[in-house]
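The values are calculated or read from the model by the stated rules, or taken from the named source; none is laboratory data. Everything numeric here is computed off the predicted structure, so don't read it as measured data. A quick note on method: Cβ atoms are made from the backbone with ideal geometry, for glycine too, and the neighbour counts reach across all protein chains shown. What goes into the accessible areas is simple: the full protein's heavy atoms, side chains included, and nothing from ligands, DNA or RNA. Shrake-Rupley method; radii C 1.70, N 1.55, O 1.52, S 1.80 Å.
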Amino acid sequence: MTGTMNLRSRAQLLGCVLGLRSLALVLWGIPGARALDNGLAMTPTMGWLHWERFMCNTDCEEDPDSCVSEKLFMQMADLMDSEGWRDVGYEYLCIDDCWMAPQRDSKGRLQADPKRFPGGIRRLADYVHGKGLKLGIYADVGKLTCAGFPGSYGYYDIDAKTFADWGVDLLKFDGCHFDTLVDLADGYKYMSLALNRTGRSIVYSCEWPLYMMPFRKPNYTEVREYCNHWRNFADIYDAWQSVKSVLDWTSSNQEKIVDAAGPGGWNDPDMLVIGNFGLSWDQQITQMALWAIMAAPLFMSNDLRQISPQAKALLQDKDVIAINQDPLGKQGYRLRKEDNIEVWERPLSDFAWAVAMVNLQEIGGPRFHTISLASLGGGLACLPACLITELLPVKGKLGFYEWTSSLKLRINPTGTVLLRLDRTN
Ligand code: GLA
């Protein structure tokens, strides 16, 4: 009897300690800083971006179906419209590097490669808008883009105006080939103001912190004032190693970055590579679940012409998208890591919580993990009780649970179980 009492009180004490610790974590989630005041990206931007899947493939003779060309973007626009992508939120169809001709025109304006984009960007934008979508484009703060096309240094006003004239709705502004850190910061800020001055609503996607990091700590209060989202970490590629390194970097730096995110400005862990070649099914689930927890912009980089029904269903999962797009706009964080199992949580509107449990052990089969509900959401996620719904890998209501109870879940290697907890009285 005494033993039971002791056990219980120890468990409660532990719950309180964990609760206080996670309350501290929750408190970072209040965005203190003002966001870029353009009224855009009030929830993380969703769309498609060509880079990870199609890279700088400019050889339309050898590879007409996969080269960076207006045809590729028109086909993706058709599918975003006809295959339900736009309807679940993927709205921005985005061009990355390698769209340009190697020279500016006689008036100093950027121009699209005339062979690969014979209709020009304005006509492509019209086409994309006709499908109820928005068009994103790419440029670089320095003298050249990362792939060696003309950079915007010295041309910020002209380029902002050109993009606005063409009807562009998002600019991904890369950071290769800058001379000094002052140029880098001034360039990112200047372009933000130049875009605003055009009077057109253009989402501004930055890589400022990523390029700054090797030299100086980014000032996220400042970044948030100028950018709608910002990359912090290396380019993603189609492999578990890459997804894992993004998650590792994010959790190791969460005290610096989580409170920078909020409506209007988001940390960008880079594209979703779901539907490609390198991730197992469980790893694709992990990417989708964790990008939802991280309030990440959701830019797919895949081939919508050839995507499995399973990957499509995962990317179009409305309940997971609802977590990503939750209007409270607080980014989630890693609550703990024990025995190679990570527990992440994210506060949602209406006092709900999302919880993800990732099994990082790559040897052996599925493992059981037991979670005390009192340890979630600073002790509040399930107080006094909650309805728990499993969203991934299998959708279904797990039932009503009380604050004092615990939950035992089975998680596949490199997979994730994503839950939603709705408090009940
Ligand atoms: C950088 C960016 C990538 C992509 C390439 C294009 O590496 O981080 O996302 O835009 O440049 O060259």
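The table below gives the values:
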item: Search result, residues across segment 379-395 that are within 24 Å of residue 282 (Cβ to Cβ), touching a helix residue (DSSP H, G or I) at 6+ places or on another chain (Cβ under 9 Å) and in a loop (DSSP other than H, G, I, E, B); result: 393, 395
item: Subset of segment 214-226 (residues that are in a helix (DSSP H, G or I) and buried (at least 17 other Cβ atoms within 10 Å of the Cβ)); result: 220, 223, 224, 225, 226
item: Qualifying residue in segment 416-424 (condition: outside the structural domain of residue 317 (by the TED database), open to solvent by 40 Å² or more (accessible area, probe 1.4 Å), in contact with a Lys or Arg (Cβ under 8 Å, 6 or more places away or on another chain) and part of a strand (DSSP E or B)); result: no
item: Selected residue [under 22 Å from residue 119 (Cα atoms), more than 15 Å from the ligand (Cβ to nearest atom) and charged (D, E, K, R)] from 169, 179, 183; result: 169
item: Scope segment 119-144; condition farther than 20 Å from residue 85 by Cβ, within 16 Å of the ligand (Cβ to nearest atom) and surrounded by 24 or more Cβ atoms within 10 Å (Cβ to Cβ); matching residues; result: 138, 139, 140, 141
item: Options 198, 162, 180; residue that is β-branched (Val, Ile, Thr) and in contact (Cβ under 8 Å) with a residue 40 or more places away in the chain; result: 162
item: Qualifying residue in segment 396-412 (condition: acidic (Asp, Glu), open to solvent by 30 Å² or more (accessible area, probe 1.4 Å) and closer than 24 Å to residue 284 by Cβ); result: no
item: Some residue of segment 370-378 being crowded, with 23+ Cβ neighbours inside 10 Å, in the same structural domain as residue 418 (by the TED database), out of contact with any strand residue (DSSP E or B) (no Cβ under 8 Å at 6 or more places or on another chain) and not in a strand (DSSP E or B); result: yes
item: Which numbered condition residue 211 misses (of (1) more than 16 Å from the ligand (Cβ to nearest atom); (2) assigned to a helix (DSSP H, G or I)); result: (1)
item: Residue tally, condition closer than 24 Å to residue 336 by Cβ, open to solvent by 10 Å² or more (accessible area, probe 1.4 Å) and not in a helix (DSSP H, G or I), over segment 253-271; result: 2
item: Residue list for segment 175-208, filter: assigned to a loop (DSSP other than H, G, I, E, B) and over 22 Å from the mean Cα position of the chain (by Cα); result: 177, 178, 179, 180, 198, 199, 200
item: Close pairs (9 angstrom Cβ cut-off, 6 or more residues apart or separate chains): in contact (Cβ under 8 Å) with a residue 12 or more places away in the chain and on the phi < 0 side of the Ramachandran plot in segment 127-153, assigned to a loop (DSSP other than H, G, I, E, B) and basic (Lys, Arg) anywhere; result: 150/104; 150/143; 151/143; 152/143; 153/143
item: Count of segment 239-252 residues which are open to solvent by 30 Å² or more (accessible area, probe 1.4 Å) and closer than 25 Å to residue 171 by Cβ; result: 1
item: Out of 343, 355, 320, sole residue that is within 25 Å of residue 252 (Cα to Cα), of a type outside the set (Lys, Arg), open to solvent by less than 10 Å² (accessible area, probe 1.4 Å) and in the same structural domain as residue 292 (by the TED database); result: 320
